[in-house]
Amino acid sequence: MLAKALARSLDVSFSRMQFTPDLLPSDVTGVNVFNQRSNEFEFRPGPVFANLLLVDEINRASPKTQAALLECMQEQQVTTDGVTNLLARPFMVMATQNPIEYEGRIRCRRRSSTGSRCGSRSATRRCRTRRRC
């Protein structure tokens, strides 16, 4: 709500993204799409082309997706298929992140009386892996 109110008060465009592990860099920056009518590729801009971008759970995305956002933040531009597009000024990103203990981890279930499937002695401990136990 704060980011949207700030965008309204500054009279700038606003966009919001939910970062997930399956998000691709092109989902952030935009993508070239083939237009059959004109027989050419046309650029469809991504959410970073707003003046104020709110990114939820930034630490859930892959490093490549985070790097795409960092390029936008550092260089104020987006490069897609060798073509550089400048971002609108001002450009600002506000982001939230999950605490590390909630980063996609799933609680271990007990396997037997000797321990859980992950090999921990207590079923209340969390797995160190991202796969199901």
Checking residue 53 against (1) on the phi > 0 side of the Ramachandran plot; (2) modelled with pLDDT of 90 or more; (3) surrounded by 12 or more Cβ atoms within 10 Å (Cβ to Cβ), the condition it does not meet: (1)
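Which of the following residues is farther than 20 Å from residue 97 by Cα, among the hydrophobic types (A, V, I, L, M, F, W, C) and in contact with a Lys or Arg (Cβ under 6 Å, 6 or more places away or on another chain): 83, 31? First the steps, then the outcome.
On the way: 83 fails: in contact with a Lys or Arg (Cβ under 6 Å, 6 or more places away or on another chain).
One residue alone meets the criteria, 31.
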Pairs with Cβ under 8 Å, 6+ apart, first in region 18-39 and within 15 Å of residue 84 (Cα to Cα), second among the aromatic types (Phe, Trp, Tyr): 30/43; 30/49; 31/43; 32/41; 32/43
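Filter region 32-50 for residues that are open to solvent by less than 80 Å² (accessible area, probe 1.4 Å) and not small (Gly, Ala, Ser); which is farthest from residue 94 (Cα to Cα)? Talk me through it step by step, then tell me what you get.
As a first pass, look at region 32-50 and keep what is open to solvent by less than 80 Å² (accessible area, probe 1.4 Å): 32-33, 35, 38, 42-43, 46-50.
Those still in the list that are not small (Gly, Ala, Ser) too: 32-33, 35, 42-43, 47-49.
Working: 32: 26, 33: 28, 35: 34, 42: 29, 43: 25, 47: 13, 48: 12, 49: 14 Å.
Here the answer is 35.
The values are calculated or read from the model by the stated rules, or taken from the named source; none is laboratory data. All values reported here derive from a predicted model rather than from experimental measurement. Heads up, the Cβs are rebuilt from the backbone with ideal geometry, glycines too, and the neighbour counts pull from every protein chain shown. Ligands, DNA and RNA are excluded from the accessible area calculation, which covers all protein heavy atoms including side chains. Shrake-Rupley method; radii C 1.70, N 1.55, O 1.52, S 1.80 Å.
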